[in-house]
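Enquirer: Following this message is one structure expressed as structure tokens.
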Amino acid sequence: MRTTGIRCAHLMTLENGSTQTLRDGYVEFQGSRITKVGPWNNRFRPNRLLHLDHHVVLPGLINTHAHLAM
């Protein structure tokens, strides 16, 4: 299966109730499944690499923001 990687300026994670922010972070996907999360490493070789040099990435965040009352 093809992989897509995202290299970002900052990566915010939540594990066991505590947040962590990494500089120069990396997230990798296979289809819709997250397979890697952590600091960037030059050995990563996804099929497609997106460079988000000025962005913060929050892997796994589902934005449930909705305007139900409207």
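The values are calculated or read from the model by the stated rules, or taken from the named source; none is laboratory data. Everything numeric in this text was worked out from a predicted model, so none of it was measured. Neighbour counts run over all protein chains shown; Cβ positions are idealised from the backbone, glycine included. Protein only, heavy atoms only, side chains kept; ligands, DNA and RNA dropped before computing areas. Shrake-Rupley method; radii C 1.70, N 1.55, O 1.52, S 1.80 Å.
Enquirer: Give region 1-22 a look and list any residue that's part of a strand (DSSP E or B) and either of a type in the set (S, T, N, Q) or exposed (fewer than 12 other Cβ atoms within 10 Å of the Cβ) (or both), or say none. Even if it seems obvious, please write down each step before you answer.
Expert: Of the residues in region 1-22, the ones part of a strand (DSSP E or B) are 3-15, 18-22.
Scanning region 1-22 gives Thr3, Thr4, Thr13, Glu15, Ser18, Thr19, Gln20, Thr21.
Enquirer: Taking region 23-34 as the region of interest, how many residues are touching a residue at least 24 places away in the same chain (Cβ under 8 Å) and surrounded by fewer than 14 Cβ atoms within 10 Å (Cβ to Cβ)? Break it down into steps so the answer makes sense when it comes.
Expert: Pass one, region 23-34, residues touching a residue at least 24 places away in the same chain (Cβ under 8 Å): 25, 27-31, 34.
Going one step further and asking which of them are surrounded by fewer than 14 Cβ atoms within 10 Å (Cβ to Cβ), we end up with 31, 34.
Result for region 23-34: 2.
Enquirer: Which residues, counting only those in region 40-70, are without any contact (Cβ under 8 Å) to a residue 24 or more places away in the chain and either open to solvent by less than 100 Å² (accessible area, probe 1.4 Å) or part of a strand (DSSP E or B) (or both)?
Expert: If we filter region 40-70 for residues that are without any contact (Cβ under 8 Å) to a residue 24 or more places away in the chain, which is where we start, we get 41-43, 45, 61-70.
Listed by number, the residues that qualify are Asn41, Ala66.
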